[in-house]
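To start, the structure under review is shown below, and the notes come after it.
The values are calculated or read from the model by the stated rules, or taken from the named source; none is laboratory data. Computed from a predicted model, the values in this text were never measured in an experiment. No Cβ is skipped: glycine too gets one built from the backbone with ideal geometry, and neighbour counts run over all protein chains shown. In case anyone asks, the SASA skips ligands and DNA or RNA and just uses the protein heavy atoms, side chains included. Shrake-Rupley method; radii C 1.70, N 1.55, O 1.52, S 1.80 Å.
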Amino acid sequence: MRHEDFMHRCLDLARLGGIAVAPNPMVGCVLVKNGLVIGEGYHQKFGEAHAEVNAIASVQDTAAIEGATAYVSLEPCAHFGKTPPCSNLLIEKKVAHVVIATKDPNPKVAGKGIERLQKAGIQVTVGVLEDAARELNKRFFSFHEKQRPYVTLKWAQTKDGFLDKLRGDNEKGINWITGEEARALVHHWRSQEMSILVGKHTALNDNPSLTVRDVAGQNPIRILIDSQLQVKNDLSLFSEAAPTLIFNRIKNDQTDGIEWIKIKETSTKLILEELYKRGIHSVMVEGGSRTLQYFIIDNVWDEAFVLVGDLKFEQGVKAPVLNKIPVKSHFFGTDQVFYFKRRS
Ligand code: AOF
Ligand code: ZN
């Protein structure tokens, strides 16, 4: 087996951690002796054991770890966080070689783990399946490298480019554009993110719950932009299903599950800064049109999912325009899904 084969296994294991480890990265570790896997593990939950610790704990004959090669999808940590440093543990267990997919961008680690292993006389190889490892933890890398959450835009539009119909004052409720099938897909997307954001008009018109009720997974933190606090808290957005943050120009406050965050102007920069301060490593922006446009104009987005339903509104609220060629597209039920990625 080659380094890449064992690293693929690390990445597969890492993926099992999913959103439960956020804002930590998903990490997998495989221990190999004489070409055979003797142990493996992954980071399963935020605040709990790291991948290396679980891999080592999985080995029955601990003496066998001496002289083994440890494959890890992220540089072993060097800091005392919620757990002691993994680099120390690998040194203590006398592994001979550590193969790493990519450096840890967290300033508490950033090369220090590698240095510590090398100083202890352990052979270190870095860069095996690096691109795949960075892609897997794109949210974590964005958080540390850009000091902002990873931003995914999502909207549904009609074939003729509208997000919504024109509404009278009392016309509330969602004007569905996509079919039944797409709803589960959207919930799946939501379940991958730590938070989900909407503007005031979307909250008032659609009364979305912003939960992932159609799929297994945890509900993201909900975020509302409501400068003048015009949205009453009897909407679904304020249910107990998840915490809610409200960006506004009036007050800082907190009650059960709701936090009001005062910002001096409604800007994507200030919002993303506040999310970063709270350790939120990813946000899905779900509308409305104006809110999506802010993120597009300010060029603070990383990916976009655009669902195009099989109907026309003829007139209404225009959908945002990205002026980019989609990376891929496919049909999902009656809808077409376009996926865009911004080059950073
Ligand atoms: C590793 N192996 O499996 C993970 C690492 O608060 P803590 O102690 O859980 O530390 C979190 C940081 O540790 C996280 O931001 C990242 O830099 C690193 N994650 N490191 O050696 C792992 N999950
Ligand atoms: Zn660690």
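Things to note:
- Options Asp234, Asp206: the member that is acidic (Asp, Glu), open to solvent by 50 Å² or more (accessible area, probe 1.4 Å) and closer than 24 Å to Arg290 by Cβ: Asp234
- Taken as a whole, the structure places Arg167 among residues that are open to solvent by less than 70 Å² (accessible area, probe 1.4 Å), within 30 Å of Pro320 (Cα to Cα) and not aromatic (Phe, Trp, Tyr).
- Residue pairs whose Cβ atoms lie under 6 Å apart, sitting 6 or more positions apart in sequence or on different chains, and linking a residue in the range 138-155 that is assigned to a strand (DSSP E or B) to a partner that is surrounded by fewer than 22 Cβ atoms within 10 Å (Cβ to Cβ) and among the small types (Gly, Ala, Ser), are Tyr150/Ser142.
- Taking the range 193-212 as the range and being of a type in the set (D, E, K, R) and more than 24 Å from Gln44 (Cβ to Cβ) as the test, the residues that pass are Lys200, Asp206.
- Pairing each residue of the range 253-265 that is modelled with pLDDT of 95 or more with any residue that is open to solvent by 100 Å² or more (accessible area, probe 1.4 Å) and polar (S, T, N, Q), provided the two are 6+ apart or on different chains, yields C-beta distances under 8 Å for Trp260/Asn252; Trp260/Gln254; Ile261/Asn252; Lys262/Asn252.
- Among the residues of this structure, Arg213 does not count as one that is more than 17 Å from His187 (Cα to Cα), open to solvent by 70 Å² or more (accessible area, probe 1.4 Å) and among the charged types (D, E, K, R).
- Among the residues making up the range 288-315, those that are closer than 19 Å to Lys341 by Cβ, touching a Phe, Trp or Tyr at 6+ places or on another chain (Cβ under 8 Å) and open to solvent by less than 30 Å² (accessible area, probe 1.4 Å) are Leu292, Phe295, Trp301, Asp302, Glu303, Ala304, Val306, Leu307, Val308.
- Evaluation of His79 against the conditions (1) more than 8 Å from ligand 1 (Cβ to nearest atom); (2) touching a Pro at 6+ places or on another chain (Cβ under 8 Å); (3) open to solvent by 10 Å² or more (accessible area, probe 1.4 Å) shows that the sole unmet condition is (1).
- Which listed residue is on the phi < 0 side of the Ramachandran plot and open to solvent by 20 Å² or more (accessible area, probe 1.4 Å), from Val99, Val95, Val59, Val37: Val37
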